[in-house]
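Remarks on the structure that follows.
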Amino acid sequence: MREILGPNYRNLSALAVVIGLLGFAYVVAPHPLVQYGVWLVVFSVWMVWFVAAAREWISKADF
């Protein structure tokens, strides 16, 4: 489980994208519509990360 949730390429890249988007929305262009759009993209990034992590976990599971 640690290798799925630990510091790997997928986790660090998703975190970097989310931090970059939120930094842009709240520092560079602090407008409510921009922030709303960024939160939608952050949710999409989270969903892609979740599906990828779940797929890896299921493929490594020993049922």
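The values are calculated or read from the model by the stated rules, or taken from the named source; none is laboratory data. These numbers come from a predicted model, not from an experiment. Reconstructed Cβ throughout: ideal geometry from the backbone, glycine too, with neighbour counts over all protein chains shown. Protein only, heavy atoms only, side chains kept; ligands, DNA and RNA dropped before computing areas. Shrake-Rupley method; radii C 1.70, N 1.55, O 1.52, S 1.80 Å.
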Of the listed residues (46, 57), the one being free of Cβ contacts under 8 Å to residues at least 40 places away in the same chain, touching a helix residue (DSSP H, G or I) at 6+ places or on another chain (Cβ under 8 Å), aromatic (Phe, Trp, Tyr) and part of a helix (DSSP H, G or I) is 46
Can you tell which of 63, 24, 50 is among the hydrophobic types (A, V, I, L, M, F, W, C), loosely packed, with under 14 Cβ neighbours inside 10 Å and modelled with pLDDT of 95 or more?
50
Taking region 3-20, which residues are open to solvent by 50 Å² or more (accessible area, probe 1.4 Å) and in a helix (DSSP H, G or I)?
3, 5, 9, 10, 12, 15, 16, 17, 19
Could you list, ordered by first residue, the pairs with Cβ atoms under 7 Å in which the first is in region 26-40 and under 20 Å from residue 14 (Cα atoms) and the second is of a type in the set (Ser, Thr, Tyr), at least 6 apart or interchain?
35/26
Answer yes if at least one residue in region 16-27 is more than 25 Å from residue 61 (Cα to Cα) and in contact with a Leu (Cβ under 8 Å, 6 or more places away or on another chain), and no otherwise.
no
